[in-house]
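Below is one structure; the comments refer to it alone.
Throughout, read-outs are computed from the coordinates displayed, never taken from laboratory work. Here the structure is a predicted model, which is why all the values come from computation and not from measurement. Methodologically, a virtual Cβ is constructed for each residue, glycine included, from the backbone with ideal geometry; neighbour enumeration extends over all protein chains shown.
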Amino acid sequence: MSVAAAAPSVSITAPDHAKVGEEIPFLVAAALDGVPALAYHWDFGDGTTDDGRTTTHSFTTEGSHTIRLVVDGLDGPSAEKSVTVVVSGSPSLLPQAVSPRRNNRGHLRLLLLANLWHSTRACRRARSLCRSPRFRQLY
């Protein structure tokens with residue numbers, strides 16, 4: 001008598017709703033009495049992937065986003081799960097500093113510097129958006 005290879009039994013914990021730019025936590029729970037999980041591979045559906053049992057992600061666009069998880073098991077077969085997160089709102093801009101500057105004619109102007117709410121992670125996730133001068137300097 002042989003035992004058929006099986007995939008790990010897993011479940012995803014994640015919120016149903018989030019805001020644009022918000023860090024969303026994702027966590028996988030594997031059944032203790034099932035096939036051991038060896039690796040976790042996330043696909044966020046926006047061109048971004050990550051590996052690990054836990055991760056976070058922030059979306060730069062509104063809409064319904066399907067996140068796909070593939071879990072490699074000890075027996076060989078992989079488990080596949082997905083979860084949908086509805087993202088709404090627009091990125092929050094928080095003023096970081098207001099500083100007076102003079103232009104080349106000597107006129108005084110105010111330079112307002114702003115960052116996305118979670119700027120460090122958001123910039124890694126959306127490099128082209130954060131390279132935009134209007135997100136770095138608002139005149």
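Scanning region 33-51 for residues that are in contact with an Asp or Glu (Cβ under 6 Å, 6 or more places away or on another chain) and β-branched (Val, Ile, Thr) yields VAL35, THR49. If the condition is being in contact (Cβ under 8 Å) with a residue 12 or more places away in the chain and among the acidic types (Asp, Glu), then region 38-63 contributes ASP43, ASP46, ASP51, GLU62.
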